[in-house]
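The values are calculated or read from the model by the stated rules, or taken from the named source; none is laboratory data. Since the model is a prediction, treat every value here as computed from it, not as a measurement. Cβ placement follows ideal geometry from the backbone for every residue including glycine, while neighbour counts extend to all protein chains displayed. In case anyone asks, the SASA skips ligands and DNA or RNA and just uses the protein heavy atoms, side chains included. Shrake-Rupley method; radii C 1.70, N 1.55, O 1.52, S 1.80 Å.
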Amino acid sequence: MNIFQALREDHKKQRQLANALVRTSGDSKERHELFGQLAAELKSHAIAEERHFYVPLIEADETQEMARHGVAEHHEMDELMEKLESTDPSSPAWLATAKELRELIHHHLDDEEKDFFPQAGDVLNPQEKTSLGGEFQEEKEEALHEVQ
């Protein structure tokens with residue numbers, strides 16, 4: 001599996017979890033479980049993606065700005081996750097922040113798939129795409145076990 005296939009697979013999970021999260025209500029068990037799953041997915045994905053996708057792209061002049069933008073959006077998601085952790089899950093503010101997070105996730109993933117992937121495809125050679133895909137998956141699994 002190449003890096004783009006591996007990332008798309010993860011993106012699908014993130015979209016599903018974010019969409020499901022904003023359909024929950026109140027301080028429910030479902031909300032807590034989905035939030036925990038989304039938090040673990042986002043954190044482990046960001047760790048692996050930054051190391052095995054963005055770092056190689058930062059090294060190339062033509063993809064450096066794009067990669068830095070992606071890392072910055074990861075930090076924005078982290079901040080929203082922290083805000084959710086410190087907000088009462090039954091409050092309307094929690095749901096508003098969760099919706100803001102969902103929109104940021106969708107924006108970030110769409111940016112990557114529509115803009116970043118084609119540019120990265122021009123920079124990375126076929127062997128790099130394959131090796132980065134495997135390295136990403138390994139790192140993601142390790143990180144997922146650590147953050148859960």
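Counting residues in region 90-105 that are of a type in the set (Phe, Trp, Tyr) and closer than 19 Å to Val71 by Cβ gives zero. Close contacts from region 24-43, counting a first residue that is of a type in the set (Asp, Glu) and a second that is assigned to a loop (DSSP other than H, G, I, E, B), with Cβ to Cβ under 6 Å and a gap of 6+ residues or different chains, come to Asp27/Pro89; Asp27/Ser90; Glu30/Thr24. Of the helices (runs of 4 or more DSSP H) contained entirely in region 12-123, those carrying at least 1 residues that are closer than 24 Å to Phe136 by Cα and within 11 Å of the chain's Cα centre (by Cα) fall at 29-49, 61-85, 92-111. Across region 77-95, a minimum of one residue is classified as open to solvent by 30 Å² or more (accessible area, probe 1.4 Å), at pLDDT 95 or above, under 20 Å from Ala20 (Cα atoms) and of a type in the set (A, V, I, L, M). Just to be sure I understand, how many residues within region 42-76 are open to solvent by 20 Å² or more (accessible area, probe 1.4 Å) and not hydrophobic (A, V, I, L, M, F, W, C)? Total meeting the criteria: 14. For the residues Leu42, Leu84, Leu21, the requirement of being within 30 Å of Ser131 (Cβ to Cβ) and touching a Leu at 6+ places or on another chain (Cβ under 9 Å) singles out Leu42.
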